[in-house]
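Just below is one structure, and these are the notes that go with it.
The values are calculated or read from the model by the stated rules, or taken from the named source; none is laboratory data. The model shown is predicted, which means the values in this text are computed figures rather than measured ones. Backbone-built Cβ (ideal geometry, glycine too); neighbour counts: all protein chains shown. The area values use the complete protein model at the heavy-atom level, side chains included, leaving out ligands, DNA and RNA. Shrake-Rupley method; radii C 1.70, N 1.55, O 1.52, S 1.80 Å.
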Amino acid sequence: MGESGTAEWTQGDDTPRRREGRQHPQAPGAGTWRPTPTPGSAPGAGPGRAAARAAGRPAVLHGPARVLHRIGPVVSSKGTRPIAGLLALGAFAYAAWVLEVVLSTGLNPIETYVSELAAQDQPLGGLFRATDFTAGLLAFAGGLLALVRLTTYPEARRPWATVGWAGVTLFGAATAADAWLPLSCKPTVDPVCAARETAGLVPATHQAHAVSSTLAMCGALVAVVALTVAARRYGWWAPLARTGPLLLAAELAATVWTLGAIALFTAGRGTWALGAGQRLQVLLVALWLGLLAYSVHRERRT
């Protein structure tokens, strides 16, 4: 009888391995041996998993069980395209302030608030209020659809993802509200406006605008942190997992810069390039939203 290779199956592994040896007659039904799963064991985990659990030792996952533990169950991709589209359009609209590069606004982008582009006494204020409202509405709709989708597919509901999409929704709602609460004048340009604002003699929309702007940026920061953590912790959204931490670090640095400059300006110590810091902060949020949209579109998951 000639020599030939035979297949060997090892416990917990569905891959046949070749070994050299003499071929022996096989009994009927032989050649497809698989381990008998013990009670409580998962497919691909091996019969020792229940024993390890009973002994208080961590079980070692293999094969399909290890994959499911890493990425979670397979979830339908239905409904992800509208979310990705809304986020992408929202990111584009949120960066519309860059039009000041080609439009004559009369404002110094290094020293002035981004919100002053949409002030009531600005000739192009209506344009920038419209783009702010559009950006907020689109981001709100995208975040809300993502939250609804998480309730439809509970197996995909993870804490960091839920918090992150709630942050996107808050950011969108507050940004849309911001457009309806414009500044009446430009405090970084007009000393009279700044004095009136300090004395509390400006319309109530100034205070309301400060609240809505704060809520919008808080929502954006929550979203950036939570969804970036979700991408890395759950193995989702590869583009966001790779680039998200860099954008997160830059966003936090720009936020510290902006808050410090606002505090110094309020104390009467100059603007300290307040406009540059805030524009960088807003630009990074827009870039992150675009990256999130691309990641959702690519992997068809929220």
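Things to note:
- Taken as Cα centroids, segment 122-183 and segment 243-302 sit 16 Å apart, rounded to the nearest whole angstrom.
- Theoretical gain in end-to-end length, residue 101 to residue 190 [0.36 nm per residue, Cα-Cα removed]: 29.9 nm
- Gyration tensor verdict on segment 202-277 (Cα atoms; rounded if a/c is under 1.5, prolate if a/b is larger than b/c, oblate otherwise): oblate
- Sequence ranges 185-192, 221-228, ranked by mean other-Cβ count within 10 angstrom, highest first: 221-228, 185-192
- Multiplying the residue separation of residue 267 and residue 151 by 0.36 nm and subtracting their alpha-carbon distance yields 37.1 nm.
- Protein heavy-atom accessible surface, 1.4 Å probe, per residue over segment 148-255: 43 Å².
- Approximate spin-label separation residue 218-residue 110, in nm, with each point projected 7 Å along Cα-to-Cβ: 3.4
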